[in-house]
Amino acid sequence: MLLGGLFKLAGRASWGVGDPALREAGMLEVESRAMAYDLPAIRWPKPWPGDYLTAMRVATWADAQGAGTAFAFAAGRRLFLRGRDLSREDECAAAAEEAGLDGIAALRAAADPEVKRALRAATDAAFARGVIGVPTVAVGDELFWGDDRLEEAATRLRSAATA
């Protein structure tokens, strides 16, 4: 789903835009949680956030190719470990190639009307389900939004698995 599209449907915006103090506090909180999870340091791309429409269209196409997870990891590493700007087509193509896909084919797919429709449909479906941001984890009908709620989602999932 396209986060910007979700925000538009909900009539809201990211904490990463607008108030500079809120943005700085949010970035520091994300960095702090990454350290707590023993993840590598975040290297924020400039600009951040950017226009990730092409990247999300490539992700939609990659998922249809069976490489959605690989593309998500490659794109995430480029974005937050290397500080690369995924609003740039060459960065999207490079992430696709890191995921084992053809970068040129990925960019062509991003312009395909069917891929555009699929991304829009996924965004509309997420909004209809009640998704308000990312990450959102669904455990049954219950949604857990935010990386600060991942532990709670994992606990609920374990409880559901043993029930």
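No value in this document is a laboratory result; all are computed from the given coordinates. Just so we're clear, the structure is a prediction, and the values are computed from it rather than from any experiment. Heads up, the Cβs are rebuilt from the backbone with ideal geometry, glycines too, and the neighbour counts pull from every protein chain shown.
Brief remarks follow.
- Taking 7 Å steps out from each Cα toward its Cβ at residue 141 and residue 162 produces label points 2.5 nm apart.
- Residue exposure proxy: 37, 52, ordered by other Cβ atoms within 10 angstrom of their Cβ from fewest to most, comes out as 37, 52.
- Most fluctuating residue given options 12, 78, 88, as computed from a GNM of the chain linking Cα atoms under 10 Å: 12
- Orientation-averaged projected area, Cα convex hull of segment 80-126 (nm²): 4.0
- With 0.36 nm allotted per residue and the present C-alpha distance subtracted, the residue 41-residue 90 stretch has 15.3 nm of extension available.
- Between the listed residues 4, 42, 28, the Cα displaced farthest toward the positive end of the dipole of segment 1-60, a dipole computed from Cβ unit charges relative to the Cα centre, is found at 4.
- Candidates 55, 138, 21, ranked by Gaussian network fluctuation over the chain, Cα under 10 Å, top entry: 21
- Here segment 67-163 is described by how far its Cα atoms reach on the three principal axes: 47, 30, 22 Å, from widest to narrowest.
- Share of Cα-Cα pairs in the chain lying beyond 24 Å, as whole percent: 41
- Mean Cα-pair separation over length for segment 1-110, i.e. relative contact order, pairs under 8 Å, 6 or more apart, %: 24
- Going from the residue with the fewest nearby Cβ atoms within 10 Å to the one with the most, 123, 162 rank 162, 123.
- Helix-only [θ]222 nm of the chain, DSSP H runs n ≥ 4, -39500 (n - 2.57) each, per residue, nearest 500: -19000 deg cm²/dmol
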